[in-house]
Amino acid sequence: MREFESKLHRDLPPTRQWGYGGISPGPTIETRSGEPVTVEWVNSLPEKHFLPIDRNLMDCEAGRPEGRAIVHVHGAKCPPQSDGYPENWYVPGKSFTTRYPNEQDAAMLWYHDHAMGITRLNTYAGLMGLFIIRDAAEHSLNLPRGKYEIPLVICDRLFRTDGQLNYPVSAYPDAPWVDECAGDHTLVNGKLLPYLNVEPRKYRVRLLNGSNSRFYHLALSNKQSFRQIGADQGLLAAPVSLSALTIAPAERADLIIDFSSAAGTQVVLGNGFVPVMQFRVSQGKVEDRTAVPAVLRSVQRTPESSAAKTRILSLGEHHDHLGNATGMLLNGLRWHMPVTENPVLNSTEIWSLVNVTDDSHPIHLHLVRFQILDRRRFDFNLYETTRQIRYLSDPELPEPNEAGWKDVVRAHSLMVTRIIVRFEGYAGRYVWHCHNLEHEDNEMMRPYDVLPDTPRTQ
Ligand code: C2O
Ligand code: CU
């Protein structure tokens, strides 16, 4: 991890950033299911941060080192000591070695910083990269690969007139934290408004929304549809045809875009009317032997009856003495309060996320993959006064492109979003949090413990 400068656009001077291996996104780590990877993450960051630290946030008080960092591989099923616990940050000059067993299905994971109270700044500075796991089942599918498989990390940024990164601040110099960061420019694999020369054929586009808080609504300028074949934790059961894709921070979408009917044209991938990048499709015809099978993978639905426990967990706001919202909380609890979520290893639970705020929150659990059961409106006033849930609508099933294995779920405003999770892999201390990084840094994150299951007699 180190500071570097790079040109984000032909017409801009070099921009200061922080990155893994001196680039952003960092080097893509690629491995196979069951093939472990060991990484020594060396902190060579400067002592001083170049983005505005808010001293009121957890672990940010005066004297706390500013160049602290800790890496988390988002979506990895790995032991707690390698998971990047937010308090386990270390300072410039130190390094830490982690091991990822990768005993999980093919999926595009990503790694990013997770240091307590400054995750949003470190990630915004550029500390993120991709971590791709492959497996035989996926390989047998004859999907586009090699130069026809394009990973796209998109994230929004603000710039100063001198071309340097700008991070928004509040009106209070002593409390610069803001509850969201909406950039007016989009970086695609670390570049502004790039183009890619493509052939008139199918491409596999593997998209990550690496933004701090922006939700994208992506579509192609020629109005052509595309197919989504995978979500956060790997392939869907079947492809889903889409004319637009909504993707929240930290979500991944595995897409097939077929440019065969767009030969000789330029197709813009846009967020609403805002261009993100351009595909320049070459003329003529090319041979394309790849296929998108109607059945991609079997995704067994986890039956609700297998859940040993249901937890009702609120997503709420906390307020200052004037009643202004100053941050978000999970279940009304701050980070340092005792652990309340403690599932037993190899047990299944339903988590009902009760969102009493006006925002949609992308909720992420470390270690596990899960399925979305449903979303439902509820009686807000009754819940606020009695903590009882009375549903006001029928359950809405997840969108078809959310119906696979997930590790982030969009919990919509004033809805109960239910997920079903089997806690597999390792016992120990992990975290769950909102992946709006501004929220995460201001207490919308909680530790959770996976308890060892009952010892078996030999
Ligand atoms: Cu993307 Cu706690 O992580
Ligand atoms: Cu949030």
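The values are calculated or read from the model by the stated rules, or taken from the named source; none is laboratory data. Owing to the predicted nature of the structure, the values given are computational and were not obtained by experimental measurement. All Cβ positions, even for glycine, are placed from backbone atoms using ideal geometry, and neighbour counts span all protein chains on display.
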- Query: So which residues in the stretch 324-356 are of a type in the set (Ser, Thr, Tyr) and modelled with pLDDT of 95 or more, if there are any at all?
  - Reply: Thr340, Ser347, Thr348, Ser352
- Message: Can you pull out every residue in the stretch 338-365 that is within 16 Å of ligand 2 (Cβ to nearest atom) and either among the acidic types (Asp, Glu) or outside any strand (DSSP E or B) (or both)?
- Response: Val356, Thr357, Asp358, Asp359, Ser360
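Any residue that is of a type outside the set (Asp, Glu), within 16 Å of ligand 1 (Cβ to nearest atom) and over 20 Å from Cys78 (Cβ atoms) - is there at least one of those in the stretch 410-418?
Yes, because at least one residue in the stretch 410-418 is of a type outside the set (Asp, Glu), within 16 Å of ligand 1 (Cβ to nearest atom) and over 20 Å from Cys78 (Cβ atoms).
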- Query: On the given criteria, is Ser241 within 25 Å of Leu141 (Cβ to Cβ) and assigned to a strand (DSSP E or B)?
  - Reply: yes
- Task: Restrict the check to the stretch 170-190 and report whether at least one residue is assigned to a strand (DSSP E or B), of a type in the set (A, V, I, L, M, F, W, C) and touching a residue at least 12 places away in the same chain (Cβ under 8 Å).
- Result: yes
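So that you can scan it fast, the table gives a plain yes or no per residue for (1) in contact with a Gly (Cβ under 7 Å, 6 or more places away or on another chain); (2) at pLDDT below 95; (3) not aliphatic (A, V, I, L, M):
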position	(1), (2), (3)
Ser213	no, no, yes
Ile229	no, no, no
Leu245	no, no, no
Pro249	no, no, yes
Phe259	no, no, yes
Gly272	no, yes, yes
Gln283	yes, no, yes
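Looking only at the stretch 220-249, filter to residues that are touching a strand residue (DSSP E or B) at 6+ places or on another chain (Cβ under 9 Å) and surrounded by fewer than 17 Cβ atoms within 10 Å (Cβ to Cβ); which one of those is nearest to Arg134 (Cα to Cα)?
The extreme case among them is Ser241.
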- Subset of the stretch 35-58 (residues that are closer than 28 Å to Gly327 by Cβ, free of Cβ contacts under 8 Å to residues at least 60 places away in the same chain and of a type in the set (Asp, Glu)): Glu47
- Message: Given the criteria aromatic (Phe, Trp, Tyr), touching a His at 6+ places or on another chain (Cβ under 6 Å), more than 16 Å from ligand 2 (Cβ to nearest atom) and not assigned by TED's automatic domain parsing to the domain that holds Asn442, does Trp89 qualify?
- Response: no
- Has the stretch 405-413 got at least one residue that is in a loop (DSSP other than H, G, I, E, B), farther than 22 Å from Gln81 by Cα, within 16 Å of ligand 2 (Cβ to nearest atom) and in contact (Cβ under 8 Å) with a residue 40 or more places away in the chain? yes
- When only residues in the stretch 414-447 that are in a helix (DSSP H, G or I) and of a type in the set (D, E, K, R) count, which is farthest from ligand 2 (Cβ to nearest atom)? Asp441
- Item | Among the residues listed as Arg64, Arg55, Arg10, Arg2, the single one being under 22 Å from Thr161 (Cα atoms) and of a type outside the set (Gly, Ala, Ser) | Arg10
- Item | Count of the stretch 400-416 residues which are within 18 Å of the chain's Cα centre (by Cα) and more than 17 Å from Trp110 (Cα to Cα) | 7
- Being away from ligand 1 (no atom under 16 Å from the Cβ) and of a type in the set (Val, Ile, Thr) is the filter here, so list the residues in the stretch 420-455 that pass it. Ile420, Thr454
- List the pairs whose first member sits in the stretch 432-458 and is at pLDDT 95 or above, whose second member is more than 16 Å from ligand 2 (Cβ to nearest atom) and hydroxyl-bearing (Ser, Thr, Tyr), and whose Cβ atoms are under 7 Å apart, counting only residues at least 6 apart or on separate chains? Trp432/Tyr448; Tyr448/Tyr430; Val450/Tyr426; Val450/Tyr430
